[in-house]
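Read the structure below first, then the notes.
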Amino acid sequence: MLDSGLGSESMDLAIREESSTEAASELQDQFRRGRFVVTAELSPPVSTDPADFVRRALSLRNLATAVNVTDGAGAKVHMSSLVAAHFLVENGVEPILQVTCRDRNRIALQAELLGALALGIRNVLVLRGDDPRVGDQPDTKPVFDLDTVGLISMAQRMRTERKLPSGTSIGGEVRLVLGVAEVPVDPPVDWRPHGLIAKMEAGANFVQTQFCMDAQVVRRYAARLLDLGIAQKLPVLIGVAPIPSGRSARWMREKLFGTLIPDAVVDRLERAADPKEEGRKICVELMQELAEIPGIAGAHVMAPQMHSALAEVIAAAGVSGKARVGAVQVSHG
């Protein structure tokens, strides 16, 4: 177990309070029941017509437990993530609303959370947000009134106290499931994930990671999180992808911070007669291996340029909803 704060009285109280209540979402229910969770990710369209976005989301219904709705991915304009997530709710697909610190001050962020709850959206992934300088409107001024830990802390206070930071009471239920992003590493000796611990102590309920296509690194990463007592309290979903080519894999390693893709995967893609099919096979194999790794709660499947492959690889892997290795089902009665 951790020896630096995670066993604090307030943290244990929050966990007991959460576990004694009915799950706020299907995602949270699956975590609590020790099931292997598979989530996917979609970006809203640059359009006023949501039809194609909804069609893609519907292909994931009954396959993914929940679908992330990105918030200005790549620091580029898309349909409002809140509106897009509402379309998913209307069509029976559970969303994970991504909310970035980049574009809103704390007043707007509080309003965003209240609006999400009013629309039946319970899962929120808190992110810093891509720097506007990497987008297509680089003169945009970022906000960053709060960092990710500050935003999680604020949301945690809203749901536990049912008050805004100003002290104003919030009417209605405040049932949020708070997620955070993390970069998995091959942990060196004495490694401790200080940033992840801070997010956990602030109130995070689950983690989705950057791409990690190396199962052996995941095994060592998960083992260390278990040794530290983190994985027992904070479900970790590993980011994976059906990579369409060796060239794409090399670009991801170079351009996407924290991405881990071993040379063996790049070589398989470059040797394959059909790289796209090989990329799907690699993703399926990896998801099946992740489902057997103690300390890993699920997989988060991302395919920004191959949305059609999401449903295919999730269905082929056949691990969504499977009992997790080493998981303990918790009673919430």
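Do you know which of the residues in the stretch 158-203 that are touching a strand residue (DSSP E or B) at 6+ places or on another chain (Cβ under 7 Å) and among the basic types (Lys, Arg) is surrounded by the most Cβ atoms within 10 Å (Cβ to Cβ)?
Here is the first cut: in the stretch 158-203, the ones touching a strand residue (DSSP E or B) at 6+ places or on another chain (Cβ under 7 Å) are 162-163, 169-170, 176-184, 196, 199, 203.
Keeping just the survivors that are among the basic types (Lys, Arg) gives 162-163, 199.
Numbers: 162: 13, 163: 13, 199: 23.
Here the residue is 199.
Quick check: anything in the stretch 271-286 in contact with a strand residue (DSSP E or B) (Cβ under 7 Å, 6 or more places away or on another chain) and surrounded by 19 or more Cβ atoms within 10 Å (Cβ to Cβ)? Walk me through how you get there before you give the answer.
Applying the first criterion (in contact with a strand residue (DSSP E or B) (Cβ under 7 Å, 6 or more places away or on another chain)) to the stretch 271-286 yields 283, 286.
From what's left, surrounded by 19 or more Cβ atoms within 10 Å (Cβ to Cβ): 283, 286.
Scanning the stretch 271-286, I find at least one residue that is in contact with a strand residue (DSSP E or B) (Cβ under 7 Å, 6 or more places away or on another chain) and surrounded by 19 or more Cβ atoms within 10 Å (Cβ to Cβ), so the answer is yes.
Any residue at all in the stretch 19-38 that's more than 30 Å from residue 77 (Cα to Cα), modelled with pLDDT of 95 or more, in contact with a Gly (Cβ under 7 Å, 6 or more places away or on another chain) and not in a helix (DSSP H, G or I)?
Among the residues of the stretch 19-38, at least one is more than 30 Å from residue 77 (Cα to Cα), modelled with pLDDT of 95 or more, in contact with a Gly (Cβ under 7 Å, 6 or more places away or on another chain) and not in a helix (DSSP H, G or I), which makes the answer yes.
Can you pull out the residues in the stretch 289-308 that are surrounded by fewer than 21 Cβ atoms within 10 Å (Cβ to Cβ) and either more than 21 Å from residue 31 (Cα to Cα) or hydroxyl-bearing (Ser, Thr, Tyr) (or both)?
Scanning the stretch 289-308 gives 304, 305, 306, 307, 308.
Check residue 60 against each of (1) farther than 21 Å from residue 242 by Cβ; (2) at pLDDT 95 or above; (3) not in a strand (DSSP E or B) and name the one condition it does not meet.
Of (1) farther than 21 Å from residue 242 by Cβ; (2) at pLDDT 95 or above; (3) not in a strand (DSSP E or B), only one is false for residue 60: (1).
When you go through 313, 319 one by one, which is the residue that is in a helix (DSSP H, G or I) and surrounded by 17 or more Cβ atoms within 10 Å (Cβ to Cβ)? Reasoning before the result, please.
Working: 319 fails: in a helix (DSSP H, G or I).
Within the list 313, 319, the selection yields 313.
Pairs, please: C-beta under 8 Å, at least 6 apart or cross-chain, first residue under 17 Å from residue 25 (Cβ atoms) and in the stretch 73-90, second open to solvent by 30 Å² or more (accessible area, probe 1.4 Å) and of a type in the set (D, E, K, R)?
Pairs found: 88/94.
Given the residues 229, 239, which is the only one that is at positive phi and either touching a residue at least 40 places away in the same chain (Cβ under 8 Å) or in contact with a Pro (Cβ under 9 Å, 6 or more places away or on another chain) (or both)?
229
Filter the stretch 99-145 for residues that are acidic (Asp, Glu), at pLDDT 95 or above and open to solvent by less than 70 Å² (accessible area, probe 1.4 Å) and give the result.
112, 145, listed by residue number.
Every residue in the stretch 39-74 that is over 19 Å from the mean Cα position of the chain (by Cα), among the polar types (S, T, N, Q) and closer than 14 Å to residue 91 by Cα, please.
Across the stretch 39-74, the qualifying residue is only 59.
State whether one or more residues within the stretch 208-219 are without any contact (Cβ under 8 Å) to a residue 60 or more places away in the chain, closer than 18 Å to residue 325 by Cα and either of a type outside the set (Lys, Arg) or assigned to a loop (DSSP other than H, G, I, E, B) (or both).
yes
What are the pairs with Cβ atoms under 6 angstrom where one residue, in the stretch 271-285, is assigned to a loop (DSSP other than H, G, I, E, B) and the other, located anywhere, is surrounded by 16 or more Cβ atoms within 10 Å (Cβ to Cβ)? Sequence gap at least six, or different chains.
272/278
Given the structure, is residue 196 in contact with a Pro (Cβ under 7 Å, 6 or more places away or on another chain) and assigned to a helix (DSSP H, G or I)? Before you say what the answer is, go through the steps one by one.
Numbers: in contact with a Pro (Cβ under 7 Å, 6 or more places away or on another chain): no; assigned to a helix (DSSP H, G or I): yes.
Considered against the rule, which asks whether it is in contact with a Pro (Cβ under 7 Å, 6 or more places away or on another chain) and assigned to a helix (DSSP H, G or I), residue 196 comes out as no.
The values are calculated or read from the model by the stated rules, or taken from the named source; none is laboratory data. Nothing here was measured: the structure is a model prediction, and the numbers come from that model. Neighbour counts are summed over all protein chains in view; Cβ atoms, including those assigned to glycine, are modelled from backbone coordinates with ideal geometry. Note: areas computed on protein heavy atoms with side chains; ligands, DNA, RNA excluded. Shrake-Rupley method; radii C 1.70, N 1.55, O 1.52, S 1.80 Å.
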